[in-house]
Amino acid sequence: KSASPSGKYFKYAIGEIILVVIGILIALQLNNWNEGRNNRNTEIKTLSQLNIDLKSNLEEITEIREYLVLTNGSGKKILEHLDSKEQITDSLKLWVEIFSGRSIFNNANTIYKTIQNNNKNAITNDSLRLEITLMYEQDFENIHKREIMLNEEYFALYTLELNKNFKTSPSISRDSESPEPTVNTPIDLAQLKTNEQYKNTLVETYNFKSLCILKLTQTLARLKVLIAAVDSEIVNLESN
């Protein structure tokens, strides 16, 4: 017995609906796949750019730490010189100059700020995103805070004593029309050797610099781990 025309039409209509639904599902799946791929490519690009900033900060912090070690070495030599029977030497002048040196951490943070301002979920790995946030908001911010303390508190007091006890500009000799390089020369070395106020401010500055060196060492260790983690996440995203 043959099927009725209405039955055939119903089956045909159902088939058409199923095909349309399958087509829509396939289109949605392709759209989701393309969107996922685009998001993944965007995240890879973001992480790659972020790691350029992190590696730049690693290099800068390494240089700052080395510079602080150098300046503190000069501070130690100044104290040793004042505790000895040595007279004024060119080395002493050089150590005074070096110890007074300052450093500024510039902090490459353009990509991090872009993420924070535009899309905090640009990095899908929650633990990695947290580590990046802690590095910028904690470690790097603390570097800035310690620099401010060093310059505005410790160096401010040390510079006052420095200006009292050392020549801070070239002097003009009666026998010469040209300035003499007397900068950083003790005004009275014998008095300076017993000047506890100068020594105390130098030691306090030295000690705070030592703390800065320790903290920078710890930050460098964490930063190297973070950079490796970002590199690993990039590889993971590229393989998916």
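Nothing in this text is a laboratory measurement; each read-out follows from the coordinates by a stated rule. These numbers were taken from a predicted model, which means no experiment stands behind them. Cβ sites come from the backbone with ideal geometry, for glycine too, and all protein chains shown count toward neighbours.
Couple of notes before you dig in:
- FRET efficiency, I24 to A221 (Cβ-Cβ, R0 41 Å, nearest 0.05): 0.20
- Computed extension length for T124-T42: 28.4 nm, one decimal, from 0.36 nm per residue of separation with the Cα-Cα distance subtracted.
- Nearest-ten-degree value, helix 5-82 long axis tilted from longest Cα axis of the chain: 10 degrees
- Structure-based [θ]222 nm, the chain - -39500 (n - 2.57) summed over DSSP H runs of at least 4, per residue, nearest 500: -25500 deg cm²/dmol
- Estimated dipole of segment 29-155 in Debye, rounded to 20 [Cβ of Lys and Arg +1, of Asp and Glu -1, Cα centre]: 400 debye
- With N as its number of residues, segment 58-123 has a Cα radius of gyration that, divided by 2.2 N^0.38 Å, comes to 1.85.
- Principal-axis analysis of the Cα atoms of the chain puts helix 155-165 at an angle of about 20° to the longest axis.
- Exceeding the 21 Å Cα-Cα cut-off - candidates K85/K199; K113/K145; K76/K193; K145/K167: K145/K167
- Reference-scaled alpha-carbon Rg (2.2 N^0.38 Å with N residues) for segment 71-205: 1.56
- Assuming charge only on the beta carbon of Lys and Arg (+1) and of Asp and Glu (-1), the dipole of the chain about its Cα centre is about 1220 debye to the nearest 20.
- Compactness of the chain, taken as the C-alpha radius of gyration over 2.2 N^0.38 Å, stands at 1.86.
- Across segment 50-127, Cα pairs under 8 Å and at least six residues apart give a relative contact order of 42 percent.
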